[in-house]
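Okay, so here's the structure we're looking at.
FYI, it's all coordinate maths here, none of it is from the lab. Since the structure is predicted, the reported quantities are computational estimates derived from the model, not experimental observations. Positions of Cβ are backbone-derived with ideal geometry, glycine not excepted, and every protein chain shown enters the neighbour counts.
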Amino acid sequence: KPGKNIFFSPVSISTAFALLALGSIATSWAQVLEGLAFNLSRTQEEEKIQRGTPLVSCNFQNSTEAKKEIDVHIKSKPHVNVNQILQDLDQNTLLVIVNYIYFKGKSHRRYLQQYLTYFDRKLSCEVVQIAYKEDVTALFILPDEGIMKQLEDALRKDTVSQWKKSLVRWKRSVKVYNPKPSTSSTYDLKMLMNLDVTNVFSEWADLSGITGKSDLKVSKAAHKAPLKIHENCTEAAAVTCPDFLPHSLPLILKFSHSFLLLIVDQCT
């Protein structure tokens, strides 16, 4: 949508629905995994839910009390404000998926640094990789004016893989001026119906792997993703480069128009 910031975590959404898939049967199971582009022939069922994924039982007949119980549980997690996700609960609710991701990165101040950069001539965009703490990096992709739509259409796995491979070969002296992005987005994940994940939201849902009964469906699925990036030179180490030419002119990048931001966990 023109003029609107969009921020979400594909991995986080996939993880939540992969958990749902463990309790889905037949068509419901197949639609969830196919919609998330999982390989059904290689997907193995697990008998145990990964540790750290708690189950919370609520009586949705008392929707106000159920919301309070969910509030208490989720607010115990750092930085979470579930009031902004669950505005209301219907008394007929049987299952709610709430997915929340929080990322706070601390970047370098706006002075000369060594960054991995790459200019994609085919897509007319500059790619800059900035490192954050705890093995997290961000790819800032700045397209030429007026070609954001073409860049979005080309944003596929192979495109990002090519950028990452090319970044390894190009390290330059760069002066980056970015707007210290801060945004927050909330999504109704029923939009997954556009990917043919329809069964779990309908009367035809078969989630009997969760309760042993087939009268369960997903009534609401919400995803909230806030993003805050602060400049802090004391908490982000500079990257050195052995072939740095101190007298060469630095590349100056000003993120003064629409750009893309990808956050990558280097460990995974």
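Of note:
- If the chain linking ASN92 and LYS68 were pulled fully straight, counting 0.36 nm for each residue of separation and taking away their Cα-Cα distance, it would gain 7.0 nm.
- Which of TYR187, TYR132, TYR118 has the fewest Cβ neighbours within 10 Å, and the rest in rising order: TYR187, TYR132, TYR118
- What the Cβ-Cβ distance of THR211 and LYS75 gives, at R0 = 22 Å and to the nearest 0.05, is a FRET efficiency of 0.25.
- Cβ-to-Cβ counts within 10 Å put VAL96, VAL127, VAL72, VAL264 in ascending order as VAL72, VAL264, VAL96, VAL127, the fewest first.
- For the pair ASN39 and ASP158, a Förster radius of 25 Å applied to the C-beta separation gives a FRET efficiency near 0.90, rounded to the nearest 0.05.
- Pairs from LYS4/LYS67; LYS4/LYS254; LYS157/LYS190; LYS122/LYS228; LYS68/LYS220 whose Cα-Cα separation, in the structure shown, is over 26 Å: LYS4/LYS67; LYS122/LYS228
- Compared with the alpha-carbon gap, the fully stretched path from ARG121 to SER256 is longer by 46.6 nm at 0.36 nm per residue.
- Between ILE6 and ASP135, the contour length at 0.36 nm per residue exceeds the Cα-Cα span by 44.1 nm.
- Order of LYS75, LYS213, LYS190, LYS67 - criterion: other Cβ atoms within 10 Å of each residue's Cβ, fewest first: LYS213, LYS75, LYS190, LYS67
- Take the Cα of ASP188, step 7 Å toward its Cβ, do the same at ASP144, and the gap between the two points is 4.0 nm.
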